[in-house]
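Single-structure report; data block below.
The values are calculated or read from the model by the stated rules, or taken from the named source; none is laboratory data. Predicted model only: the values in this text are computed from it and were never measured. Cβ placement follows ideal geometry from the backbone for every residue including glycine, while neighbour counts extend to all protein chains displayed.
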Amino acid sequence: MNDQVAVSVVVPVFNEVESLPELYDRLVKTLDNAGVPSYELIFVDDGSTDGSFARLRELSTLDARVRVLKFTRNFGQHEALSAGMERGSGEIIVFMDADLQNAPEDIPRFIAKIHDGLDLVSGWRMSRQKVGLTRWLGSWVVNRVMTSSTGVFLHDHGCGYKAMTRRVAQEASRYGHLRRFLVPLLLTLARSVGEVPIADYERQQGRSKYNFLHLFAMTFDFLTAFSMRPFRIVGLGGIFATGLGFLAGGAYIIGRLFFAIPANNHFLAAIILLAFAGMQFTILGLLGEYLVRAYHAAQNLPLYIVEEDIGGSSRKESSA
């Protein structure tokens with residue numbers, strides 16, 4: 001197998017044993033029919049317990065283009081994507097889920113967009129399968145937060161179907177622990193971003209690993225680790241409260257001196273409390289800024305640990 005290939009397809013796998021044979025067959029058929037000169041399929045087993053790794057091992061022995069990474073435990077989807085991306089040798093890196101809710105047959109459309117000059121292309125699920133109110137609300141919040149934090153508008157930030165240039169993938173690999181939030185990181189590194197409308201098919205086996213609480217926790221983690229916005233909001237809120245307290249205090253003094261407004265101890269106490277609370281929040285925001293920077297600098301733990309690396313052009317690597 002050549003060191004460099006045209007396309008690397010990275011698929012995180014967590015308890016998807018039933019869908020893997022069909023996924024592999026459709027990926028190979030699609031890429032062969034599209035005339036892709038060379039490609040590799042990188043499956044990352046993120047701590048599956050249903051026999052997914054055994055099935056992937058079989059595929060890797062049958063096809064030299066299949067490479068399989070096995071994590072020591074479940075680290076998470078973004079960590080799995082990061083592991084596959086960092087080991088992929090393709091000029092174009094494609095991310096997709098293993099559950100077949102998105103069709104492998106759409107990959108050529110993503111590749112075409114990259115060839116048109118885009119750095120990153122994201123799927124836009126036009127016909128979403130019916131989800132509960134809480135799941136819909138969680139997705140809505142994620143979309144708004146991601147757009148606000150990254151400055152990149154996408155109709156469907158939550159879609160796991162994406163393609164990017166090798167340059168973007170290599171840049172992302174340098175960002176240490178921020179690779180835990182790989183998708184927003186990629187959005188900030190890409191110079192040009194586009195979308196491909198795709199269908200969203202019914203899940204064939206199992207159920208989604210994402211619910212409202214999971215989406216909420218992921219959004220909170222993203223805000224506190226990838227963005228300093230929460231501390232800045234606290235700091236700005238403190239500055240606003242302090243300013244409001246001093247303005248109210250000035251107005252109270254002017255009223256007492258020039259307009260003979262009677263004293264109001266409760267109002268005066270509220271002004272003092274507002275001013276001091278504002279100063280405290282301002283200091284908290286500033287401290288938060290420095291603490292986040294120190295936390296980022298001190299992190300030196302592995303993002304994931306690879307137990308086995310088999311098939312393809314494997315190189316035994318124990319951790320990121």
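List of remarks:
- Spans of helices (runs of 4 or more DSSP H) in segment 1-117 with at least 2 residues under 21 Å from residue 168 (Cα atoms) and at pLDDT below 95: 77-87
- Scanning segment 298-320 for residues that are of a type in the set (Gly, Ala, Ser) and at pLDDT 65 or above, we see that the one that is nearest to the chain's Cα centre (by Cα) is 298.
- Residue in segment 174-187 that is modelled with the lowest pLDDT, counting only those that are farther than 17 Å from residue 158 by Cβ, in a helix (DSSP H, G or I) and not hydrophobic (A, V, I, L, M, F, W, C): 177
- Under the condition of being hydroxyl-bearing (Ser, Thr, Tyr) and over 20 Å from residue 76 (Cα atoms), the residues counted in segment 9-60 number 5.
- Test: residue 295 is of a type outside the set (D, E, K, R), at pLDDT below 75 and surrounded by fewer than 14 Cβ atoms within 10 Å (Cβ to Cβ): yes
- Residue ID - nearest to the chain's Cα centre (by Cα), chosen from residues in segment 55-69 that are farther than 19 Å from residue 96 by Cβ and in contact (Cβ under 8 Å) with a residue 24 or more places away in the chain: 57
- Single unsatisfied condition, residue 139 versus (1) at pLDDT 90 or above; (2) within 14 Å of the chain's Cα centre (by Cα): (1)
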